Structure formats: structure tokens, C-alpha cells
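Here the structure comes first, spelled out in C-alpha cells, and everything after it is commentary.
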Protein chains: 4
Amino acid sequence: MSHNSFGHLFRVTTWGESHGPAIGCVVDGCPPRLALTEADIQPFLDRRRPGQSKFVTQRQEPDQVRILSGTFEGLTTGTPIALLIENQDQRSRDYGEIKDRFRPGHADLAYELKYGIRDYRGGGRSSARETAMRVAAGAVARRVLEGVTIRGALVQMGPDRIDRAVWDWAAAEENPFFCPDPAAARRWEAMLTEARKSGSSLGAVIELVAEGAPPGLGAPVYGKLDADLAAALMSINAVKGVEIGEGFAAAALSGEANADEMRMGADGRVLFGDNHAGGILGGISTGQPIVARFAVKPTSSILTPRRSVDRFGQEVEVLTKGRHDPCVGIRAVPVGEAMLAITLADHLLRHRAQNPDAPGEARLPRN
Amino acid sequence: MSHNSFGHLFRVTTWGESHGPAIGCVVDGCPPRLALTEADIQPFLDRRRPGQSKFVTQRQEPDQVRILSGTFEGLTTGTPIALLIENQDQRSRDYGEIKDRFRPGHADLAYELKYGIRDYRGGGRSSARETAMRVAAGAVARRVLEGVTIRGALVQMGPDRIDRAVWDWAAAEENPFFCPDPAAARRWEAMLTEARKSGSSLGAVIELVAEGAPPGLGAPVYGKLDADLAAALMSINAVKGVEIGEGFAAAALSGEANADEMRMGADGRVLFGDNHAGGILGGISTGQPIVARFAVKPTSSILTPRRSVDRFGQEVEVLTKGRHDPCVGIRAVPVGEAMLAITLADHLLRHRAQNPDAPGEARLPRN
Amino acid sequence: MSHNSFGHLFRVTTWGESHGPAIGCVVDGCPPRLALTEADIQPFLDRRRPGQSKFVTQRQEPDQVRILSGTFEGLTTGTPIALLIENQDQRSRDYGEIKDRFRPGHADLAYELKYGIRDYRGGGRSSARETAMRVAAGAVARRVLEGVTIRGALVQMGPDRIDRAVWDWAAAEENPFFCPDPAAARRWEAMLTEARKSGSSLGAVIELVAEGAPPGLGAPVYGKLDADLAAALMSINAVKGVEIGEGFAAAALSGEANADEMRMGADGRVLFGDNHAGGILGGISTGQPIVARFAVKPTSSILTPRRSVDRFGQEVEVLTKGRHDPCVGIRAVPVGEAMLAITLADHLLRHRAQNPDAPGEARLPRN
Amino acid sequence: MSHNSFGHLFRVTTWGESHGPAIGCVVDGCPPRLALTEADIQPFLDRRRPGQSKFVTQRQEPDQVRILSGTFEGLTTGTPIALLIENQDQRSRDYGEIKDRFRPGHADLAYELKYGIRDYRGGGRSSARETAMRVAAGAVARRVLEGVTIRGALVQMGPDRIDRAVWDWAAAEENPFFCPDPAAARRWEAMLTEARKSGSSLGAVIELVAEGAPPGLGAPVYGKLDADLAAALMSINAVKGVEIGEGFAAAALSGEANADEMRMGADGRVLFGDNHAGGILGGISTGQPIVARFAVKPTSSILTPRRSVDRFGQEVEVLTKGRHDPCVGIRAVPVGEAMLAITLADHLLRHRAQNPDAPGEARLPRN
């Protein structure tokens, strides 16, 4: 059962609320003897951290991760790895406004109806703060995925899409949006400044790419790599859609246009003409780059009042003051990368268990 | 672990290959004392069955389901329900052409690289024939979901979308496409006839709606209802994208436009202005209709030859003769409904375990 | 969740009632390309089959197993293996006597209180008939455990224990009790004839030994090999106790007496002086023989009337006529072997996933 | 998958090594709105804590538990409960002696063969220190089990059994052995003093009783209450045997002697003459007291040198100096209680999910 866990063999269980004393996770099943210290995790957390530009929430947290178990003398031991980040910026404020009111688009009402109780401070368990632990666990997953490159980029903000023809991974690290199209990044800067000033918010679409993943990850029918990846990405806060490869656009293609033709490389490697499939066929990786996209809705916390109700069944108006991301999709980039890494690490272990002698590359003949 | 299982408390495990002696499933965790006979399951199978119109594969199978365990005198007993359908139309044909060749867009290559062996007859385990058992298990799930209405419709074929303003559920049962827009259905008839004649294929988008599901289904963070639903739908053959509510379109909305405002009904019921969220907030159902969509790629089996490779690393051309659906998205409608039913039934049991006294409707105050 | 499943990566799900049309199981996660036909499974079923001697139930069933999926041309394919046995001896008899009455020592009352319904014919789901599928699945597990020898023997019947000094595995196959002590087998023949004639019953203790299992199976804390083995054996009908190695007798030993001293063999192999630990330390196999025992209570179905109650809350007397094993412990031997095989196969896959380069034997230095 | 987790719906995941900075656990699935603060957990930890008498290890740890998540204003919220205890007594000592040597009876060799690395300080992950978190999680489980009384007692130390006829639960809390027979407690004091002085050690048998648990907990075949309980208890460090009810002694009884006859109480309650079954029939609780026993081997750490080997394949002698329990069975009493509580809480939630209208008591007729 997986209320708060993700993965099976590489299994991540997170805990913690936005304004509790700490957040943390347990990574169970990590293979032994991999080099791992806090220094391998911290850069990924820094990348996601709030307060880094004026375009993300100004909550100030160093998000300093500690490894509490599962390593010895800088190596993993095969036992559970506990990671912990103390919450430092629990500034005492007045929650009277949201204590009993349900913010539209937030989990408030759903939690109330389900549990009859909720830690309303900063969203409690439903806060995006939990995603810090995903990023930390993702950094551990990357150690398992030696030789696999996992990257993400923002490909749409609000209604504005990037020009894919100019895709530049290096550029994506040089603007505050993880945007691989410098011209789009400049447009977005203006858009987001405007949204922030007016207390509005914008949605976004993120694209993830994993290169170098071996073929054979996934399993028929329900243990499919794409099914697990869909769950992984849809489980991120505010995500409303997930695509693999061509995604929804595939529905509009003919069978001829959508076929990824194959030929043989000189070294016995299978070469593909296109990658409409996003690297996954029949739920199993083919050795092509794995490509996924997910859509993040605009931040629900806005300054314009919206009609809502409260715990007592009274109609109220709600507006959300305080520190918020005008576009939560930005910080979803490292989170998406982490979920892709965790999903691949889990499937790598699963694949290895059942198929210890499978090839690591798409070469033919297999034996 | 879930190689071939879906769900946790309402758990479906399927087995079987396209051209083996039979296919089947085990439904574990179904509550006792629900009325269940083959007659409760068969109509759903008939709805999905091939050979019903010229627009779906002409494979002739009565798909007669048998209940082999888990019921007694017409009632479920709480023990595992085994369902079985014998494969009758295993016509002996020459598989020489696909035995060693990898059809583009099919699972052939991925299976070879993973397992080094595959039952190539009719796609083996990766055949859409497996989805018959999903539909059967979905019929059992519907018994658990007393009072919940689960329906699906085709809302796009190829690039042609329906006019949502004329949505008519009754109409969707009167054309061979499960199309709720009669005008679109007429256009699609022409399109699909053309595709079938030319040996081409078309993609599709399916929309699913569950009305009457209680609030509180789902769980924070990883056991989210939408995350499990994304996995459920992405696990269907040929699916490349999944959306909840507004889906990818949410990325282009402002926070103001995307807010689902609430007010109180006269009877203490929470009323929503819109349903951009698709009935799920923070991973938990709110009591609004649950709305999901998924995209199905065009059938990979086409008559136009495509370049490919074979098991021996030789370049070949592949074209797929034989009986095939020019638009597999059509038969994905009952399959999608079934996966939605299974996901909801599973979450209903999970919710009940942890929250036995939660309300069945979105009423306030809760107590 | 595991209502009716056992194992994680090598996962067995059984279904079926004693007097339903069939019983079956799904074995999910079996590695591909292992030779497997019905002929590999049937001998183990024949060994467990009722009606083979006058000392076991006279129910006449050929118990002919069919493989319905998961193999192709005599090899496993990595997809789920469905096994099925039709129930042939469903002789129509009058169940009036037990329909509403709760037989002491049987699951009748517990099922009624839990489910409010039960298939009372022959015990329904709680019948030992289910164990036929364990034996079938165990035969598949043995294919995964190449090089591991798994055997079981009856070491106690009623209060009469064997003389361990004369242990003879060959003899255990030559008497109807799987007894490795020929003298004890002769005594038991008299005891059991007496019990059968008087309508009484006897308990038993079974010992299982696995030789050749690699070190490293198991995992710290909860995924322990001995913990899973305890569950595996306790899950067999009528079992009330499980021991590993020295078992309960270890409680009476001093630390000095219980220590399994080690020395090095000429070939780098670790040699042990004793095996009080039963081959498992810290939940992980050491490479020594794995030794487990389990106790089976006397068959609850006896001819002497016992006081009981019925569904309506009335006091009644119950005696059980019909075909029964006077000592169900006998047929528990092949069932115990099967559960040991399944547990080891599951842990072998789990171990391999996390530790692909672990050695297959207890040799030092490790690298 | 359950490398370091126990339970399904009430799921406990522990982490931490003996000499790392902290140990902890995550309790996932706990129902909301149960009163829970550190003060509800600490008394159980104090009961298990080392250093309380001269008969247990002199390691001095306050074992102060902190709740880091999952509660709000003194109530559980339904989100994961993280518990943490800092390790304070990590006295820096020389581990040179055991760093490369494998102590007989310890997990050292098995870890080396499995992982090729281990945190040897104080046993690392295999230390009994992990059981502190079981006790903490067990205290949470007790909140779920309102109305159920769970107690344990030491019924045998070394070869010396208590006199069951004088069983006194109150007395068990008044001696340092949790012994319900005051005369036995006096004998054990002498025995253990002798063992401690000579650097030897003793085994023990613990009996657990749960009174007031509802009928219906458990599930047929593999999700059996007794199977899960066997795993729960066998997973405790140094445990080599588990019994339910009559246990191994049942093997020596006749069917007549072993039958638990039933009659009706005046209030519709089913009354049992005996409880040979230990409250579980067919894997499901009957409403009778649930009775289990487990055997703990003598502490492997002894002062008498034993022959062993080291990482380099050299023969060595090992003796274990330092602070150790001469009878680890004593502190296993609260640990066993905790594992029983966790197992029952998990099954209570599982039962409720599938059978929401089952009765809480063994009354007939059921409806």
C-alpha cells in the first residue's frame, strides 16, 4: 500500500508538514556500496529551493539535508536511508483567515471531508514543501542510474510555448525558468512579473528527458514503465496532465506518421528514425530517450477574492496573501526530474531481479 | 509488486496471451454479499467485444465469461473471484512474417530486449485482448460502487473533436464509436471507412466521467486518486496521455480562471461553479464529478510497409496484414470505464479502512 | 496487499473453493526462458494427491494441472503463469448438517463472523484443497532455484518423534508418511490405523531442509527470510507453530552451546561446526542448509460428537462424517516444501535486484 | 515490498543504525483524530529501555521520542506519523576487534556476504536498538485498538518454565523479568546473575495475549492473522520459533482433546470451553483471546572465545566484550507486545475496508 510511498524495490516514503518541525523521507532498497554523502544531494535541493529568484516563493529555507542512516564511511550500506530537513522558516503568523476556510483549488475541502482534521498551517501535508524530499530521494536514485542523464525543462508558461527548434539545454540552466529557449525566457520574465504584481498566477508545461536508460525497464500490463511514470508525475502537486512521447498529439496522427521506423547501426545498435513513442513501447523501455511531459495548473493562491465556503457551511470570500509562487511549474522542473529518476531506479531493480542477463543496450541479435 | 496486478484492496491480477487457451483474472478483496453472476459481467464484455461493427477487428469471439470462484448462490463471499474466458478464435495461421520481425510501434522489440523470448502469436501478452479481463473486473468493481455512475465517450477521432455543447450520453450508445455528438459520429464514419480501406489507422481521445463518487477517495502525496487513475489509464494499450479535469489546458489558464468557486446548497451540500479540477483536489475526491481523458495513438498495425529490423539484426520491411482495428480508441472506451471503476472501488475500500466515519457526500459542517 | 497472494517478486495468487468448478493460481514474476511444462509440475501434485494410501482422504481427484499462460514452446516467457486444476469429485451430497453449524476447530465460525456468508461445501475456500495450487506454484519456484535441493519429512506423529540419528531421506519416499525413520514409520502405521478406525485424528511435526541456497537471501528487520518463511508455513492449514533451526529448544541453551562456530575450508568456503541457526542469521541466509519445522494440529474433523453452536445462536452437537485425513500433517509435507521453495525463489529475485554482484556461495574474502 | 516495513494499511517503516545519529520510523495509515502525543508513547519506551536493571544492557539512553509529523494539536491527522529518537550514547570505542571479524550467531557474516559492506559499530542495522522504534510504533497501534488489552510475559528463562497455575499479570510488572510467577522470578534472578558474572547468556520464551480483539481479523489463505503474526514475531532479533495457541504441543494432542467446544452465552455471545486455537481459526480471529508465544535464543555476545573467521578468510577467535544483555528475551517482551499491536491494528483496518458492517463481537445470530 502506498499512501505516502512511491516505488517498490527502490521505495521512497516521505513524511512531514509544511510547518511542522521537519520533513523527511526513507529510501528503502538502495543497492549497497554507492558513494553517497549530503554533498551528492544538496545541489539538487538548492536547485529547487525557494527564494532563489523573485519568480518563486520568498520563503527562506536553507533546506540543508542530513543523512541519518543507511550510509557508512560515505557509502550506502543497503539499509534504509533516512533523510531529514528541518523546517526553519515557521514564522508565527495568524492563520485565522484560512483556519476554517477552504481555499478554491487547494486540498483544504478534500482533507476536511476525508479526515475531519487538517494542519492548515501553510497547507500542512498538501504543501509543495513535501517535494523537497522527492528531490532529495531523486538525488539518491541518480546514483543508482549510473550513465543515465535525466534533465527537465519548462516548455510552456501560461499559453506561451517555446520554440523547440532552438532547444538549448545549457540555456535552461541560465535563466530562472529552466527554459531551453532564451527568447521565450525573456518573454516569460515579463509575463511573470506582471502576474506577480497583480497577484495572479500562471500554469506551465514541463518536459523531461532521460538519455542512456537501458532497454527492458517496465513490465507488461500494469507494471508498465509509462503507467508508473504517469502516477509519479501526476502525484506532484498541481499536476493535471501527463504525456509520454507524442502524447495527446498522437491522437491526431495517422498510423503511418506515428510509426517509429528502425534500422541497424554499424555496431549492432538499433537506430530509430523518430521517437513518437517517447522511448516506451508496450510499457517497456526500448533504449531510446524516454520523454515525458506534464502540465501544472496555475497556482491556486491568488490575491483576487474568490467565493468559497467554510467548515461551518457558511459562504465566504477567500484571497490568499503571503509568500507564493506565481508559477509553481518552475520549481516543478527539479521535482519532475526527481520523480523520473525514482521511477527509473525502481524499474531498473525490478528488471534486474527478473532478467539478470538482459542486455544494457538495444543491440541485436540479443545474444 | 504489481507486474500484472492493479489496485491494492480491490486488487485485479490478469493473465493470458492472445492465442493461448484462455485469458483470465483474479479479483481479490471484493466485499462479501454483493449480488454477482455472469449476467452482471457479460453485458460489459459484449460492449467491448470485437466483431460488432465493421469499424473494429473482425476477430470473432463470443467472449463468454465464467466465474470460477468467489461467489456462492449468486453472492460474493469475500474470497478471490476468478474469471475466465476461453480463447476460441485461435485460427492457425502463418506467423512466419512477424515471428522474428519487430513491428514498429508494437511491443515486439521491447519484449525481445527484456525477456529474450515472446509469444508472437497475435501480440501474445501485449495484445489488447488482455483488456477483456479489465472490462470483466470493472463490472465487479461497479458492484462495489453502488450509486456511482461511470460512463465514457470518444471525444476526438484523428484530429476531429466533437462539439461538447451538444454532448448527449444517450447518443453515445447509438453509434459504433461511443460518440456523444451525432454529427461528429457521421463524420467519423466516413473517416474510418477511408482509413480502413487504405489500411491506415487513426488515434482518438476518450473522456470518462464518474458521478456520485463520495468525497475523500484518495490520499496525500503518492496514494493520490489522480495518480492512481493516471497509472490505470496509461496502462491501457496504446495510451500516450492522461488528463484530469482541465488537463493540459489548465497550463494556459490564469489562477482566477482556473478557480472552482464554491457556495452552499440549501441542503448543506457544497456546490461548485466549475469543475476545472475534474473532481479531485490534493489527490482526494471532492464529491464533484470525476473527469479524466486519455489519448490513444493510431493503431500501429498498418498496411503500408515500414522499415524495421529483425531478431538477427537484419533490416527488413514490415506491414501488418490480418484483422485489426483501424481505431483502437473505440474499444478503449469500455476499457477506460473499467479502469476508472477499478480505481474508484480500490480507493473506496482504502478510504473506508482509515476513515470509517467519513461522510458519503460533500456536506458541511461535516459533523 | 496479500489477502490471497504470497511473495513479492515471485508472487503467487491462488483462488478457488473446494467444491467450485476449479482451483487455480497465477505465478507472477517468474524469470523468462526456464523450461516449464505440465510434466514439471504434475509429479509434485501426485505426491500430495489425496487417495494415494488409506492414511489420507479418499477423495478421488486426478488433480491434472493445466498451464494456461506464461509459457511458449515449453519455456517461460516472463509473463504471468496461470495454472488450473478442475475439481472433478464434487459429489453431490447433503450439506444440511454443516450448512448452518460451526465445526469446532474449523474456520466456519470465523468466516461467518467476518463475511456473513460462506461456501460451506467441503470447507469452501478454507479447505486444504487450496494447497494443491501451492504445490503447483512450488514446482515453478523450483525451476527458479536451480541447484537448490528442497526436501521435507514428517519427524513427529502424535506424540511420537523419530530417531534423528537414523535419518534416511531415501526411506522418507518409501513409506506413506514421508518418514525418514523406518522404525517410526512402522509404529505410525499402527497408530494411524487405530485413529482412522476410531474416527479420531493425530497431529504432526514436519521438518524442511533446503540445501544449496546462496547466502544473502533475506533483508534486515522486516524483509527477513525467516520472517517470511514463518508466514509461509503458518499460512498452511492447521499449522500452529513454526521453528527455524534450533527453534524453541534454543531458549534452553546457553550462549556457548548455541554458537555456530566457523572455520575456513581449503577452497575459501566458510565451514560451520553446527547449524543451530538453521542457516539464517540476522534474517539473511548464510549458505548453510536452511532448516525449518512446523507443527500441524490434529485434523478437526472427527467422529466423536463435540458441542457447538449454529448460525442462529442455538447450541448443537457436531460430528464430521465423510472423507477426511486422520493426520493432515502427512500431506502437509509437499505443501511445506512448496512454501519453502516459493519463499526462497521470491527472496532470490529480491536479493538479485539489490545486490546483482553478490557471490552465490559463502566464500571469503568476498571479492 | 517490505525490506524495512511491516503492515499494509497500518504500515510501519523503520530506519537507523545502532551508532548512527538517530533511529526513527514512519507510521503510515493511522486513522485521523486519535489523541496522540509523546506522552502516549514514552511509557512504552521506558519499559523497554536498557539500563533499567542489572539484568539488561547498561547502555544509558533516555530514548526520548519526538513526533515530527502526522499530529496537530494533539490529534492524529491521517498523514504519516514520523517518530525519532536521537542516539546519545555513541561512546567512541575501538571497534578494531569486530570490524573485520564475524561474531558467531550474529548477522555479521550474512551482511558481509549480502552487501559487501556493513556498519559494524554496535551491530549497525541488525542491532536490537531498532526495536525501540517497534515499541514506539506499537504505542500508536494501541490507539487504534481501543478496547483491546495487549500484554506479554516471560514464561521461560533458559530451561526453567513458570508455573502457569499461578499466573499473575500484576506480578509481571513487579520484577525485572516481566515474569507472572513470583517464585520463578526469584529463581531467574539467581540464574541470570550467574550468567552475567560468567559472561554467559540465556534464552527465553515470551507469551503474548490480546483480549478484546474483534472477530473477523485476518483473511483466508495468505493474509491470515496468524501468518502475519508469525512474521511479526519472527522478525524480532534472535527469535527462532513462533507458536499460536497450543502451538507445537498441538501436534501431540488427539482431535478430541484439541477441539475448542462452543456454547451460547445468555447475551448471544459465543462461549468457548478452551482456547487451544489461540483465538484464530482459518487465519481469522474468533473473538477469543489471541495467544502467541515466541522463543528467543541466548544472546550471541558472550565472553567465552569462539572460533570464527574474518573478512579476509582467516580463522580467528572472537569474544564479545562490552555492554550486553545476558538474556535479550527480557526486553523482547515489550517488543513482542508492540508487534502484536501493530499486526492487529493493520488487520483491523484491512477487515474494516472489506467488511464495514461486520460485528465487533462474537455474537449470534450475526444479524
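Work out Dmax and Rg for region C:102-188 from the C-alpha atoms and quote the Rg first, both in angstrom.
Answer for region C:102-188, Rg first and Dmax second: 18.2, 50 Å.
How far is helix D:131-144 tilted, in degrees, relative to the longest principal axis of the Cα atoms in chain D, given as a value from 0 to 90 rounded to the nearest 10?
Helix D:131-144 sits at roughly 20 degrees to that axis.
Using only Cα atoms, tell me the angle between helix D:182-197 and the longest principal axis of chain D; keep it within 0 to 90° and round to the nearest 10.
Tilt of helix D:182-197: around 20 degrees.
Select from A:Gly24, A:Pro215, A:Gly96 the residue farthest towards the positive end of the dipole of region A:5-354; place +1 on Cβ of Lys and Arg, -1 on Cβ of Asp and Glu, and compute about the Cα centre.
A:Gly96
In nanometres, what is the gap between the two model label sites at A:Asp274 and B:Arg66, each 7 Å from Cα along Cα-to-Cβ?
According to this spin-label approximation, the distance is 4.5 nm.
For label points placed 7 Å from Cα toward Cβ, what is the shortest-first list of nm distances from D:Val166 to its copies?
For D:Val166, the other copies' label points sit at 4.3, 9.1, 9.2 nm, shortest first.
I need the peptides B:78-87, D:229-238 ranked by packing, meaning the mean over residues of other C-beta atoms within 10 angstrom, with the highest value on top. Can you show the working numbers first?
Values: B:78-87: 25.5, D:229-238: 27.2.
Result, highest mean Cβ count within 10 Å first: D:229-238, B:78-87.
Compute and list, largest first, the equivalent-ellipsoid semi-axes of region C:153-246 from the alpha carbon gyration tensor, each √(5λ) rounded to a whole angstrom.
On the way: eigenvalues 173, 60, 17 Å².
Gyration-tensor ellipsoid for region C:153-246: 29, 17, 9 Å.
Please list the non-local residues whose amide H lies under 5 Å from the amide H of A:Met264, H modeled 1.01 Å from N, same-chain partners needing a gap of 5 or more.
Residues meeting the criterion, in which the H sits 1.01 Å from N, are A:Leu271.
Please list log₁₀ I(q)/I(0) at q = 0.16 Å⁻¹ for region B:169-312, using the Debye equation with identical point scatterers on the alpha-carbon positions.
-1.01
In units of 2.2 N^0.38 Å, what is the alpha-carbon radius of gyration of the protein assembly as shown? All intermediate terms of the calculation are to be shown ahead of the outcome.
Numbers: Rg = 31.1 Å, N = 1468, 2.2 N^0.38 = 35.1 Å.
Here the answer is 0.89, to two decimals.
For chain A, what is the mean residue ellipticity at 222 nm derived from helices alone (per DSSP H run of n ≥ 4: -39500 (n - 2.57); sum divided by total residues; nearest 500 deg cm²/dmol)? Walk me through the numbers before you get to the answer.
Values: 9 runs with 95 residues, N = 367.
Mean residue ellipticity, 222 nm, calculated: -7500 deg cm²/dmol.
Report, for C:Arg269, each distance to the same residue's label point in the other copies, shortest first and in nm; define the point 7 Å along Cα→Cβ.
Taking the point 7 Å beyond Cα along Cα→Cβ, the inter-copy spacings are 4.4, 6.0, 7.5 nm.
What's the ranking of D:38-44, B:166-172 by average number of surrounding C-beta atoms within 10 Å, highest first? Kindly include the intermediate steps, with their values, before the conclusion.
Values: D:38-44: 16.4, B:166-172: 14.1.
My ranking of the peptides, most packed first, is D:38-44, B:166-172.
When the dipole is taken about the Cα centre of chain A, and only Lys, Arg (+1) and Asp, Glu (-1) are charged at their Cβ, what size is it in debye, to the nearest 20? Walk me through the intermediate numbers first.
On the way: 44 positive and 45 negative charges, 175 e Å.
Value, rounded to 20: 840 debye.
Could you give me the ³J(HN,Hα) list for region C:62-71, computed from phi with Karplus coefficients 6.51, -1.76, 1.60 and θ = phi - 60°, whole Hz, x at Gly and Pro?
x, 6, 7, 8, 10, 8, 9, 6, x, 10
Counting only other chains, what is the mean number of Cβ atoms within 10 angstrom of the Cβ of each residue in peptide B:194-203?
Details: counts 0, 2, 0, 0, 2, 2, 4, 6, 5, 11.
Neighbouring Cβ atoms belonging to other protein chains average 3 per residue here.
Amide H of D:Leu68: which non-local residues (sequence gap of 5 or more, or other chain) have their own amide H closer than 5 Å, using H built in the peptide plane?
HN-HN under 5 Å from D:Leu68: D:Ala82, D:Leu83, D:Leu84.
By per-residue mean of other Cβ atoms within 10 Å, what is the highest-first order of D:294-306, A:176-188?
Details: D:294-306: 24.3, A:176-188: 20.7.
Ranking, from highest mean packing down: D:294-306, A:176-188.
If we hang a label 7 Å off Cα along the beta carbon direction at C:Ser53, how far is it from the matching labels on the other copies, in nm, shortest first?
The projected label point of C:Ser53 is separated from its counterparts by 5.0, 6.5, 8.0 nm.
Just C:Ile206, C:Ile342, C:Ile98 to compare: in a GNM of chain C, with alpha carbon springs under 10 Å, which one fluctuates most?
C:Ile98
Under a plain spin-label model, where a point goes 7 Å from the Cα along Cα-to-Cβ, how far apart in nm are D:Thr149 and C:Ala39?
6.3 nm
Can you pull the mean other chain C-beta count within 10 Å for peptide D:338-349?
Working: counts 0, 0, 0, 0, 0, 0, 0, 0, 2, 0, 1, 7.
What the average comes to for D:338-349 is 1.
Hey, what D do you get for region C:199-264 in µm²/s if you plug the Kirkwood alpha-carbon radius into Stokes-Einstein at 37 °C and 0.692 mPa s? Could the numbers behind the result be given before it?
Values: Rh = 14.8 Å.
Estimated via Stokes-Einstein, D reaches 222 µm²/s.
Can you give me the Kirkwood hydrodynamic radius for region C:5-354, using every pair of distinct Cα atoms, in Å to one decimal? Write down the numbers at each step before the final one.
Details: mean 1/r = 0.0469 Å⁻¹.
The answer is 21.3 Å.
Would you mind giving the mean number of other chain beta-carbons within 10 Å of the Cβ of each residue in B:289-299, as a whole number? Display every interim value, and only then the final one.
On the way: counts 0, 0, 0, 1, 2, 4, 10, 2, 13, 11, 3.
Across the residues of B:289-299, the mean count of other-chain Cβ atoms within 10 Å is 4.
Work out the charge dipole of region A:161-313 with +1 on the Cβ of Lys and Arg and -1 on the Cβ of Asp and Glu about the Cα centre, then indicate which of A:Gly245, A:Gln288, A:Met234 is farthest towards its positive end.
Working it through, the farthest residue towards the positive pole turns out to be A:Met234.
What is chain B's relative contact order, in percent, from Cα pairs under 8 angstrom and six or more apart in sequence?
Details: 773 pairs, mean separation 79.5, N = 367.
Rounded, it is 22 percent for chain B.
Quick one: if the Förster radius is 30 Å, what FRET efficiency do D:Arg47 and A:Tyr95 give, using the C-beta to C-beta distance and rounding to 0.05? Could you put the intermediate results ahead of the total?
Values: r = 38 Å, r/R0 = 1.26.
Calculated value: 0.20.
Can you give me the three principal axis dimensions of region B:1-150 from its C-alpha atoms, in Å, biggest first?
50, 37, 27
What do you get for the angle between helix B:38-48 and the principal long axis of chain B? Use alpha-carbon atoms, 0 to 90 degrees, nearest ten.
With both axes taken from Cα atoms, the answer is about 60 degrees.
Which residue in chain D puts its Cβ closest to the axis that rotates chain D onto chain B, and at what distance in whole Å?
Rotation axis D onto B, closest Cβ, rounded to whole Å: D:Ala353, 2.
Extending each Cα 7 Å along its Cβ direction at A:Arg164 and B:Val166, get the distance between those two points in nm, one decimal.
3.2 nm
Laboratory data are not the source of any read-out in this text; all were calculated from the coordinates shown. Just so it is clear, the structure is predicted and the values come from calculations on it, not from any experiment. Please note: Cβ atoms are built from the backbone with ideal geometry, for glycine as well, and neighbour counts cover all protein chains shown.
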